[in-house]
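Participant: Starting off with a structure, shown below.
The values are calculated or read from the model by the stated rules, or taken from the named source; none is laboratory data. Small disclaimer: the values here were computed from a predicted structure and weren't measured. Because the Cβ atoms are built from the backbone with ideal geometry, glycine has one as well, and the counts that use them run over all protein chains shown.
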Amino acid sequence: MVKVKEKSTSKAKKQQEDYAAELQQSFERWDYLNVYGGSDPTWSDGCNMNLVRNHIIIGKRKIEKTMTSGQYPAIYHRDTPPEVEQDYMARVDEIRANAKISLERYKADSDYQFLLKRVLRLTDKQMKETYIEAVLGYVSGLENAITKDDLITMRRHERASGYIDSFSTCVERIHNLKPENEQMNLFADYSDYEEEYEEDDEWDMEM
C-alpha cells in the first residue's frame with residue numbers, strides 16, 4: 001500500500017510540474033507575440049494573444065484545482081495579461097517597410113516581367129494549367145494590401161523568396177505547354193526571353 005501511495009504522489013507531483021511549465025510557456029508566448037508578433041497567415045497578433053490569454057486563464061485554474069495555495073508556482077502569481085484589441089499587430093512599421101521592399105523585388109524580377117507580357121497570349125485553358133492569374137495576383141494583392149494597410153497580408157510577403165520562386169515555376173509551366181494552333185506565337189516569342197538572359201550574362205562577364 002505504501003508503494004501505491006508513493007506512486008500516486010509522484011504522479012500528482014509530475015502533473016503539477018507540467019501545469020507550471022505549460023503556464024510558463026503560455027506567458028512566454030504572449031510576451032513574444034506582444035513584441036515580435038507571429039507568422040499566422042490569417043489571424044492578427046491580437047487574436048492570437050487573446051487566445052494565449054485564455055490558455056493562461058485555463059492554466060491557472062488547473063493549478064488551483066490540483067494544488068494548495070502554498071504549492072502554487074511563482075509563475076502563477078504573475079498577473080494575467082490584459083485582453084488586447086483584436087486587430088493589434090506588432091512591428092507595424094517594419095511590416096510596412098518590408099512590404100514595399102518585397103513589392104519592388106517582385107516588379108523588378110525578370111520572370112514576373114515575362115509573365116506580364118505573356119498572360120494575354122494564353123488561352124483560358126492555358127491560364128488554368130499554369131496558374132498564372134494566381135501567381136500575378138500575389139503582386140496585385142500586395143499592392144492592394146499596402147494601399148489598404150492590410151498588415152496581415154503584408155506580413156505574409158516578408159518572406160518574398162517563396163513568391164519569387166512561384167514566378168520562375170510559372171514561367172517553366174508556360175515553357176512546357178503544348179502550343180495550341182491559335183497560340184503558336186506564344187512559343188515563338190519565348191526566344192526573346194532567353195536572349196534577355198544571354199544579354200545579362202554577357203554584361204556580367206564584361207563587368
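Participant: Just give me the residues in the range 69-88 being within 26 Å of Asp40 (Cα to Cα) and not acidic (Asp, Glu), in sequence order.
Facilitator: Thr80, Pro81, Pro82, Val84, Gln86, Tyr88
Participant: Another question, then. Just checking, does the range 47-67 include any residue being out of contact with any Asp or Glu (no Cβ under 7 Å at 6 or more places or on another chain), of a type in the set (S, T, N, Q) and in a loop (DSSP other than H, G, I, E, B)? If you could, list the steps in order and put the result at the bottom.
Facilitator: The first filter runs over the range 47-67 and keeps only residues out of contact with any Asp or Glu (no Cβ under 7 Å at 6 or more places or on another chain), leaving 47, 49, 51-52, 54-58, 60-67.
With of a type in the set (S, T, N, Q) added as a condition, the list becomes 54, 66.
Checking the rest, the ones that are also in a loop (DSSP other than H, G, I, E, B) come to none.
Checking the range 47-67: not a single residue is out of contact with any Asp or Glu (no Cβ under 7 Å at 6 or more places or on another chain), of a type in the set (S, T, N, Q) and in a loop (DSSP other than H, G, I, E, B).
Participant: Give me the residue from the range 143-175 that is closer than 24 Å to Glu94 by Cβ and among the basic types (Lys, Arg) and, out of that set, surrounded by the fewest Cβ atoms within 10 Å (Cβ to Cβ).
Facilitator: Among those residues, the one meeting the criterion is Lys148.
Participant: Here's another thing I want to ask about it. Among residues belonging to the range 105-142 that are in a helix (DSSP H, G or I) and among the acidic types (Asp, Glu), point out the one that is surrounded by the fewest Cβ atoms within 10 Å (Cβ to Cβ).
Facilitator: Looking only at the range 105-142, we keep the residues that are in a helix (DSSP H, G or I), and these are 105-108, 110-121, 124-130, 132-142.
Narrowing further to those that are among the acidic types (Asp, Glu): 111, 124, 129, 133.
Working: Asp111: 19, Asp124: 8, Glu129: 15, Glu133: 15.
The residue in question is Asp124.
Participant: Here's another thing I want to ask about it. Here are Ser39, Ser102: which of them is part of a helix (DSSP H, G or I), at negative phi and either buried (at least 17 other Cβ atoms within 10 Å of the Cβ) or not assigned by TED's automatic domain parsing to the domain that holds Thr169 (or both)?
Facilitator: Result of the check over Ser39, Ser102: Ser102.
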